[in-house]
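S.K.: Here you go, one structure.
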Amino acid sequence: MLRLADINKSYAVGANKLHVLKGIDLEIGDGEMVSIMGPSGSGKSTLLNVLGILDGYDSGEYYFDETLIKGLSETKAASYRNRLLGFVFQSFNLIPFKTAVENVALPLYYQKIARRRRNKIALEYLDRVGLADWAGHLPGELSGGQQQRVAIARSLITKPKVMLADEPTGALDSQTSREVIEILRSINREGTTVVIVTHEHEISEMTDRVIHLLDGVIERDKNNGGSPSPGKAGSKPGAKTAGGAA
Amino acid sequence: MFDLDKWQEILATIRQNKLRTFLTGFSVAWGILMLVVLMGSGEGLANGIEYQFRDDAVNSIWVNSGQTSIPYAGLQPGRSVRFTNEDHDTVARDVEGVEHITSRFYASGTLTVAYQGETGSFDIRSVHPDHRYLEKTIVTKGRYLNDLDLAEYRKVAVIGERVKDALFATRPAIGKYVNINGIPFRVVGLFRDEGGQSEEEKIYLPITTAQKAFGGANRISMFMLTTGEADLETTDGMATGIRQLLAQRHRFSPEDRRAVFVRNMNEFFQRFVNLMAGIRIFVWIIGIGTILAGVVGVSNIMMIVVKERTKEIGVRKALGATPGSILGLILQESVFITAIAGYVGLVLGVAVLEFGARALPHSEFFVNPGIDLRLALAATAVLVLAGAAAGFIPAYRAARVRPVEALKDE
C-alpha cells in the first residue's frame, strides 16, 4: 500500500540544514494498523507529512498503491489527499464556524458534490461515530472526544484507503482516548490502513505494528504479534513486514 | 457559476468578524462616497458653466464698437467708432469662415409697444434672419424673420412669449398688429429662449425696416457671427482679421483695444472647457486616492484574515482544497466586501448630492449636481477592480499556505 525507499528530507534552519529523515525504508501493507513512535524531534511528524502528501521529500521514492508520489503539483496533491487519504489531528482541526455535519461534509465539497447530497452522507457518517444527534452543533459546543469523533467521521467520508492520525488522543483523557482508538480499530477492521503517530505506549500497544523512530532513522520495527487484521477477508495475508532499515 | 457554498463560506467568515468587516467596508464606502460627492459637485460646476453659456451660440464672435484710445494716422484718440451696413457686408464677404452673421440695430429712446390698449416697454432688437442662430431662438409658433422681410422692408415682428402674454394674454397673436411708436407691425412669429424670462421679453424686427422707421439710416449698433466647426486657432485668426478689417475701414490702430471690442466666445468657452477638464482630473485624482486608501485597508484586513486562518486553510488543503479554490475564496470575499461597501458609499453619495443640492442656496454656477449612469458604472467597475486588487496579494498568500500547517500545534 505504502512503500518508502531511502527517503531523505531536511529543513533549512537559518544557515544550517536540519536533516530530519535520513534514508527511511518502510513498507506498510494493505489493511495494516501501524503506530509510529519516537521522541519529539525524531522525525515522526515529518514522516507523517510525507506519507500524507502534505509535504515533499528531497530524495528517495514514495509509492502509494504503486503510484510514485514525487514532485506533484499542488492541485494534483490536493486531489490525492482528498480521494486517498483521511487525516485525524491532535487538535481535531474542525472549522469552528461550521456545524458538525458541515465539517464532516467538507471533503465532499472539494469533490464538488451537491450540498444536499453531501450533508446526507455526512449525517450517515456522523451516525456511525454516534453523533447524529449533534449534527447541528458547532465544534465549540462539543466535548474533546466528540470533536475527535466528528474529525474521524470527516476523514472517513471520502472512503480513504489510508487513514493518518497525528497524536489523535493527545488532547483527550484516557477513557476517551480508548474510545477513539476503538473507533480507529473498527475502521481498520473494515479494511482501511491506519497509521497513528503517538508517543503513548497504551496507544501503540493497541496497534498491530509499532515503528520506533530515532533521529530520523527507523530504530525498531516490531509486530505486536498476531495477524494485523484478524478476521478480515480479502486483505493480503499477513503484513509485508519489510523489516526496519535500522 | 453561482456557488452557494462559497457564498455561505464567505458570509460565515464575515459574520465571524462583524466589526472588522464593518470597519474595512467603511473605509471603502467612505472612498466611494467622496468620489461620488466630488464627481457630482464637479458635474454641478460643469452644468453651472454650461448654464452660463446656454443663451447664445458658443461658436460665435461678437463685435461692439467703442472709442479710439490711441492716436493713429494723425487722428486724435476719443473718436467714436460707428458701424454701418457696409461693415456688416464687408465682414460677411471678406472674412473667411463666417457661418451665420447678423447685425443689431437699437433705436435710440424708449419705444412703447401697444396692442388694443395694452402697452408695455420691451427691448426691441432689429436684426438679420441669421440672428436666430446666434441667440438660439426657438420659434414656437409662426415663423422667424426672413430675407424677403428685409428686402421688402416689411413691417413684421417676431415677439417673445412673455411679450405675447403681456399684450395678448390668451388671445391669438399671429397675424395681429402691434403698434411700436405708433407704427403697426404684423406679428408673424412667437419664440422662446433658453436664456430665461428676460430673453423672452424681446421683440425682433427686420433691421432694414427698423433703420427706416426709427431713423437709423445705415447705422448698426453691433454685429455678431458664428464660426461653424472651426477650431479655436482658426476663430482667433478670424477675430484678428475682423479687427484689422475694421481698423482699416475706420482708421484706427489695430493695436487699439478700445476702438472695437471683438469677443471670441470660442475662447471663453474653451477656457471653461479646459477648466472643467482640469477639475475633472483633479476630482478623479482625489477620488482614486481615497479609494486607494480604502483598498489598502481592505488588503490589510484580508492579509490579517489570511494570517489568522492559516491553520484553517492548511486543514482545508489537507482535506483536498486546491490552491485555486482557496484563491477564489479569498478573492471573492474581498470583492464582495468592497463591492457591497462601495455600493453603500455610492448610494449615500448620491443621497448627499440630492439633499445637499436642495439645502444649498440657489446659484447659477452650481446647477443639478449629480452623476450619470456612465459614471456610476465606471465607479462600480473601479470597485470590483479595487476589490480584486485588494484581495490579490492576500489570496495569493493564502493559496501558498502549505498543508503541513494543519499539523502544527497552535
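S.K.: Decide, for chain A, between rounded, prolate and oblate: order the square roots of the alpha carbon gyration tensor eigenvalues as a ≥ b ≥ c, take rounded if a/c falls under 1.5, and otherwise choose prolate if a/b is larger than b/c, else oblate.
M.R.: prolate
S.K.: Let me ask you something else. So what is the calculated 222 nm ellipticity per residue for chain A, using -39500 (n - 2.57) for each DSSP H run with n of 4 or more, over all residues, to the nearest 500 deg cm²/dmol? Could the numbers behind the result be given before it?
M.R.: Details: 7 runs with 76 residues, N = 246.
Here the helix-only value at 222 nm equals -9500 deg cm²/dmol.
S.K.: Among the GluC sites (Glu not before Pro) within the stretch B:229-315, which fall in a DSSP loop and have no more than 13 other Cβ atoms within 10 Å of their own Cβ?
M.R.: Answer by residue number: B:GLU229, B:GLU255.
S.K.: For every helix of n ≥ 4 consecutive DSSP H residues, a contribution of -39,500 (n - 2.57) applies; sum these over chain B, divide by its total residues, and give [θ] at 222 nm rounded to the nearest 500 deg cm²/dmol.
M.R.: -18000 deg cm²/dmol
S.K.: Pull out a ≥ b ≥ c, the square roots of the eigenvalues of the alpha-carbon gyration tensor of the stretch B:107-206, then state rounded if a/c is under 1.5, prolate if not and a/b is larger than b/c, and oblate in the remaining case.
M.R.: Judged from the Cα gyration tensor, the stretch B:107-206 comes out rounded (a/c under 1.5).
S.K.: Let me confirm one metric for peptide A:99-111, namely the mean number of other chain beta-carbon atoms within 10 Å of its residues' beta-carbons.
M.R.: Other-chain Cβ atoms within 10 Å of each residue's Cβ, averaged: 3.
S.K.: Ok, one more. GNM on chain A, C-alpha springs below 10 Å: top fluctuator among A:VAL13, A:VAL195, A:VAL217?
M.R.: Comparing A:VAL13, A:VAL195, A:VAL217 in a Gaussian network model of chain A, the most mobile one is A:VAL13.
S.K.: Also, quick follow-up: Per-residue Cβ counts within 10 Å, from other chains only, averaged over B:320-329: what number is that?
M.R.: On the way: counts 16, 8, 9, 5, 3, 5, 2, 0, 0, 0.
Counting Cβ atoms of other protein chains within 10 Å of each residue's Cβ and averaging gives 5.
S.K.: Using 1/(1 + (r/R0)^6) with R0 = 22 angstrom and r between the beta carbons of A:LYS70 and A:LYS159, what's the FRET efficiency to the nearest 0.05?
M.R.: Efficiency computed from Cβ-Cβ geometry: 0.30.
S.K.: Treating cross-link reach as a plain straight distance, find the aspartates and glutamates whose alpha-carbon is under 14 Å from the alpha-carbon of A:LYS222, omitting any fewer than eight places away in the same chain.
M.R.: A:GLU27, A:GLU32, A:GLU205, A:ASP208
S.K.: I would also like to ask the following. First select every other residue whose beta carbon is under 13 angstrom from the beta carbon of A:ALA114; then total the charges, Lys and Arg +1, Asp and Glu -1. Intermediate values should be presented prior to the final figure.
M.R.: Numbers: positive: A:LYS112, A:ARG115, A:ARG116, A:ARG117, A:ARG118, A:LYS120; negative: B:ASP3, B:ASP5.
Residues close to A:ALA114 contribute a combined charge of +4.
S.K.: Okay, moving on. Give the shape of the protein assembly as shown as rounded, prolate or oblate, defined through the alpha-carbon gyration tensor: a ≥ b ≥ c are the square roots of its eigenvalues, a/c under 1.5 means rounded, and otherwise the shape is prolate if a/b is larger than b/c and oblate if not.
M.R.: Judged from the Cα gyration tensor, the protein assembly as shown comes out prolate (a/c at least 1.5, a/b above b/c).
S.K.: Kindly work out what percent of the DSSP beta bridges joining two residues of the stretch B:107-206 are antiparallel, to the nearest 5.
M.R.: Around 60 percent antiparallel, to the nearest 5.
S.K.: Report relative contact order for the stretch B:107-206 in percent, whole number only (criteria: Cα-Cα under 8 Å, sequence separation at least 6).
M.R.: Averaging sequence separation for qualifying contacts and normalising by length gives 40 percent for the stretch B:107-206.
S.K.: Are there any chymotrypsin sites (Phe, Trp or Tyr not before Pro) in the stretch B:352-396 that are in a DSSP loop and have at most 11 other Cβ atoms within 10 Å? List them by number.
M.R.: When the chymotrypsin sites (Phe, Trp or Tyr not before Pro) of the stretch B:352-396 are filtered for loop state and at most 11 Cβ neighbours within 10 Å, B:PHE365 remain.
S.K.: Also: Quickly rank B:281-293, A:19-31, A:65-77 as a protection proxy: mean count of other C-beta atoms within 10 Å, highest first.
M.R.: Numbers: B:281-293: 15.9, A:19-31: 20.6, A:65-77: 13.2.
Highest to lowest by the protection proxy: A:19-31, B:281-293, A:65-77.
S.K.: Let me ask something else. How well do other chains shield peptide B:375-385, expressed as the mean number of their Cβ atoms within 10 Å of each residue Cβ?
M.R.: 0
S.K.: How far is helix A:100-109 tilted, in degrees, relative to the longest principal axis of the Cα atoms in chain A, given as a value from 0 to 90 rounded to the nearest 10?
M.R.: Approximately 60 degrees, to the nearest 10.
S.K.: Further question on the same structure: Within 10 Å, Cβ to Cβ, of A:ARG83, how many net charges do the neighbouring residues add up to if Lys/Arg are +1 and Asp/Glu are -1?
M.R.: Around A:ARG83, the surrounding residues sum to +3.
S.K.: Straight-line reach from B:LYS202: which lysines have Cα under 18 Å away, leaving out those fewer than 8 places along the same chain?
M.R.: Partners found: B:LYS136, B:LYS141, B:LYS155, B:LYS164, B:LYS176.
S.K.: Compare the peptides A:197-205, B:202-210, B:70-78 by average per-residue count of other Cβ atoms within 10 angstrom and give them in order, highest first.
M.R.: Output ranking for A:197-205, B:202-210, B:70-78: B:202-210, A:197-205, B:70-78.
Taken together, the values in this text are just the output of simple stated rules run on the coordinates, not laboratory data. All of these numbers come straight from a predicted model, not from anything done at the bench. Counting neighbours? That spans all protein chains shown, and the Cβs are built from the backbone with ideal geometry, glycine included.
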